[in-house]
Amino acid sequence: MHIRLRAHDWLRQSEHLALAGKLDDARALLIQLWGITCEHEPRFANAAAWHLAWLLLQTHSYIEAAEWFQRVAAPMADESTLWDSAREAQVHLCQLLAGVQAETSVVLAREHGGADRTAQLTPLVVTNLGNFAIARGGQSLPRCKSRKAVGVFRYLLQQNGTATREELVETFWPETTREKGAHSLHVAIKALRQYLDLQPSYVVFDLGSYFLHPDALIDDDRKAFLAQCDAGDRHWRANQHMAAQQAYEHAIHRYAADYYVDSCDGIWALTEREHLLSRYLVGLERLGDLAARQSAYDRAMTYYQLLLQRDEYREDIHGRVMRCCQQLGRRRDAIAQYERCASALRRDLGVDPMPETQRIYREIISAG
């Protein structure tokens with residue numbers, strides 16, 4: 001019950017944040033809400049995905065908006081025979097907009113980058129999960145002296161390679177005037193270009209936007225992690241369990257640590273960290289569920305316990321650990337898991353475990 005109450009509260013909070021113009025805060029809250037409700041509270045998960053998709057449209061994040069529209073399984077109000085068609089149209093529109101955006105970047109890059117400059121681009125390997133690092137052509141680059149320049153680069157990666165000048169100024173220099181902000185951005189871009197390559201090849205500017213050259217080969221661990229998560233989600237929805245397991249395992253292997261956040265980063269980096277963490281937790285949960293279906297209860301508990309290390313209030317996961325212990329004949333471990341769950345809920349949230357969790361506990365006690 002307390003999960004539903006929390007979901008109601010978070011939906012209201014996200015609406016207030018969005019109305020106040022704090023879109024990044026609203027986005028982070030909705031991502032967390034979807035993460036804790038997608039399995040057992042589909043009504044709230046639908047609402048979170050629906051609102052999140054529309055928030056992403058406001059920031060022109062069309063690809064991500066399309067992904068969230070696809071996660072909405074039912075209409076928010078009364079049933080309608082037009083619902084499926086409406087959702088498909090929304091997804092298609094987002095994908096079309098994203099395609100136009102990407103094609104425009106390619107054309108501009110080729111027009112302003114030049115074939116000779118493109119040939120000089122050296123592959124980059126970017127580490128965002130844990131510590132931040134860049135390797136160019138197999139050689140690690142030293143730490144960049146301009147943290148703002150690195151922040152702009154990481155923001156462009158997070159925004160699918162493109163952002164308007166106004167967006168970058170507002171994100172990194174919100175307290176200054178437009179003129180000073182534009183000058184600071186120009187200085188940061190110059191420093192970034194010099195840091196990545198002596199030629200301004202990796203970062204291109206045209207029609208009021210900066211974007212990463214689409215012909216540049218950039219291996220970004222954050223992007224690779226999300227690609228594996230997306231593949232796992234697709235296979236999961238199609239009931240292709242072995243393929244889902246493989247994709248999620250690759251994703252978890254990629255997730256070395258939380259997304260790097262510099263002390264001078266803004267809310268965008270904190271929001272991204274929460275988004276990636278929520279995807280990581282979903283992957284752990286589904287790997288645990290897949291292992292339990294295969295009667296590999298020890299392996300299932302390994303994934304569940306990793307999840308609980310990051311979110312010890314996931315009462316449903318505590319219950320699954322208790323079931324695994326029960327299957328393995330480890331009654332004491334099951335009881336200890338319940339006590340850990342109850343202690344965390346009472347200590348931090350002032351609530352008792354849900355009736356379902358208490359029922360599992362009584363069943364284990366009585367079986368002894």
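On full extension, the segment bounded by ARG143 and LEU349 gains 69.9 nm, given 0.36 nm per residue less the C-alpha separation. Figure legend: label point modelled 7 angstrom from the Cα of GLN246 along Cα→Cβ; residues of the stretch 189-231 with amide N under 15 Å from it are 228-229, 231. Per residue, the stretch 146-237 exposes 47 Å² of solvent-accessible protein surface, assessed with a 1.4 angstrom probe and all protein chains in place. Our estimate of slack between ARG299 and ASP206, defined as 0.36 nm per intervening residue step minus the Cα-Cα distance, is 28.3 nm. Placing dummy labels 7 Å off each Cα toward the beta-carbon, the span from LEU5 to GLU179 is 5.5 nm. Here the convex hull built on the C-alpha positions of the stretch 205-341 has a volume of 144 cubic angstrom per residue. Here is the size of the stretch 306-368 from its Cα atoms: Rg then Dmax, 11.0, 32 Å.
Placing pseudo-labels 7 Å out from each Cα toward the beta carbon at ALA238 and ALA367 gives an inter-label distance of 3.6 nm. Please report how far the C-alpha centroid of the stretch 313-368 lies from that of the stretch 1-42, rounded to the nearest whole angstrom. If you average the Cα positions of each part, the centres end up 26 Å apart. Across the accessible surface of the stretch 261-347, with the other protein chains kept in place and a 1.4 Å probe, carbon and sulfur atoms take up 46 percent.
Work out, step by step, the length gained on full extension between GLN13 and GLN309: first 0.36 nm times the residue separation, then minus their alpha carbon distance; give nm to one decimal.
Values: separation 296, 0.36 × 296 = 106.56 nm, distance 2.60 nm.
Length gained between GLN13 and GLN309: 104.0 nm.
Taking the average, over residues, of other Cβ atoms within 10 Å as the packing measure, peptides 208-217, 151-160 rank 151-160, 208-217 from highest down. Each principal axis of the Cα atoms in the stretch 196-251 has its own extent, and those three values, largest first, are 46, 23, 14 angstrom. Here r is the Cβ-Cβ distance between GLU356 and ARG332 and R0 is 22 Å; the resulting FRET efficiency, rounded to 0.05, is 0.55.
The values are calculated or read from the model by the stated rules, or taken from the named source; none is laboratory data. On a predicted model such as this, the values are computed, not experimentally measured, just so you know. All Cβ positions, glycine included, derive from the backbone under ideal geometry; neighbour counts span all protein chains shown. These accessible areas exclude ligands, DNA and RNA; they are computed on the full protein's heavy atoms, side chains included. Shrake-Rupley method; radii C 1.70, N 1.55, O 1.52, S 1.80 Å.
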